[in-house]
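Peer 1: Please read through the structure below; I'll follow up with questions.
The values are calculated or read from the model by the stated rules, or taken from the named source; none is laboratory data. Fair warning: this is a prediction, and the values are worked out from it, not measured in the lab. Backbone-built Cβ (ideal geometry, glycine too); neighbour counts: all protein chains shown.
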Amino acid sequence: MRPGLHWFLSELLGTFLLVFFGCGAVATAVALAAPVGLFQVAIVWGLGLALAITLTGPHSGAHLNPAITVAFAVWTDFPKNRIAGYFAAQFAGAFLAAAMLYAMFGPAIAVFESVNGIERGMPGSEASAMIFGEFFPNPGGSSWGENAPATVGPMQALLAEFLGTAFLALGIFGLTAKGNPFAAGKFTPLAIGLLLTALICVFAPVSMAGFNPARDLAPRIFSALAGWKGYVFTANGSGWLTVYLIAPVVGAVAGGWLGRQLFSRTDPEAEIEVE
């Protein structure tokens, strides 16, 4: 295999698996009215991430997220010349996953929209577009009511995405740190997956808990091409950029910084002997 191709394909495959399983769980809940709640969707996201890390971690480090790539580029010796390639692989993987899900669930989505009087690409179609991109407040498979803007505004959504991604990055840096005697070792993929599950349970009602620019933007672009048009970029104003792209990157850098401060050195007086 050509040098560099292994990590590119690993990031592409890993991000594909993450988005396919996660957005697939959302699709079954929305389009097919599967009897699942927030935790069931969250655990599928978490297990999908754990699987993706297990399969691709040895080859690329399993970033699977541009925000995490930026955090590693800022705070570690991650090769800067790989950043663009990682971004391309992550966005390609997420876009392909969205396309595959639409191929599977497209007819069911159309029936869902017909039954609920939803015109794709118009206000109200966030109820089905949420299968791909993210919106605030979480539509929950229904069109927003008139009180939606008062429930969750841009600042609350931005804070949710910033904090959620910061906690995710902190967990990743901590769970993979050589200086942490309580790191999960071979169970690290599962531990990170469970962390994502917990974060989704807390933040998803506010912002749908994206924490990942590739996970949001690539499927959002696909949905625009699939009939939801520009509405997916105007429903929350500039939120698609500030909330779902900028906030996760800043949050990951902040969480990575804290992780480096905590685990780049140890305090002998605070060490606990681990058998």
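Peer 1: Among the helices (runs of 4 or more DSSP H) confined wholly to the range 64-139, which include 1 or more residues that are without any contact (Cβ under 8 Å) to a residue 60 or more places away in the chain and of a type outside the set (Phe, Trp, Tyr)?
Peer 2: By residue number, 66-75, 83-115.
Peer 1: Is it true that residue 260 is surrounded by 17 or more Cβ atoms within 10 Å (Cβ to Cβ), charged (D, E, K, R) and closer than 19 Å to residue 91 by Cβ?
Peer 2: It is false that residue 260 is surrounded by 17 or more Cβ atoms within 10 Å (Cβ to Cβ), charged (D, E, K, R) and closer than 19 Å to residue 91 by Cβ.
Peer 1: Restricted to the range 184-203, and to residues that are under 11 Å from residue 43 (Cα atoms) and among the small types (Gly, Ala, Ser), which residue is surrounded by the fewest Cβ atoms within 10 Å (Cβ to Cβ)?
Peer 2: 198
Peer 1: Can you find even one residue in the range 51-59 that is under 27 Å from residue 141 (Cβ atoms) and either in contact (Cβ under 8 Å) with a residue 24 or more places away in the chain or touching a helix residue (DSSP H, G or I) at 6+ places or on another chain (Cβ under 7 Å) (or both)?
Peer 2: Checked against the condition, which is being under 27 Å from residue 141 (Cβ atoms) and either in contact (Cβ under 8 Å) with a residue 24 or more places away in the chain or touching a helix residue (DSSP H, G or I) at 6+ places or on another chain (Cβ under 7 Å) (or both), the range 51-59 yields at least one hit.
Peer 1: Of the residues that make up the range 225-237, is at least one surrounded by 20 or more Cβ atoms within 10 Å (Cβ to Cβ), assigned to a helix (DSSP H, G or I) and on the phi < 0 side of the Ramachandran plot?
Peer 2: So far as the range 225-237 goes, yes, one or more of its residues are surrounded by 20 or more Cβ atoms within 10 Å (Cβ to Cβ), assigned to a helix (DSSP H, G or I) and on the phi < 0 side of the Ramachandran plot.
Peer 1: Taking the condition of being surrounded by 16 or more Cβ atoms within 10 Å (Cβ to Cβ) and not in a helix (DSSP H, G or I), how many residues in the range 144-183 meet it?
Peer 2: Qualifying residue count for the region: 4.
Peer 1: Checking residue 24 against (1) surrounded by fewer than 22 Cβ atoms within 10 Å (Cβ to Cβ); (2) in contact with a His (Cβ under 6 Å, 6 or more places away or on another chain), only one condition comes out false. Which one?
Peer 2: Among (1) surrounded by fewer than 22 Cβ atoms within 10 Å (Cβ to Cβ); (2) in contact with a His (Cβ under 6 Å, 6 or more places away or on another chain), the lone unmet condition for residue 24 is (2).
Peer 1: If only one of 119, 134, 146, 161 is over 23 Å from residue 71 (Cβ atoms), at pLDDT 95 or above and of a type in the set (D, E, K, R), which one is it?
Peer 2: 119
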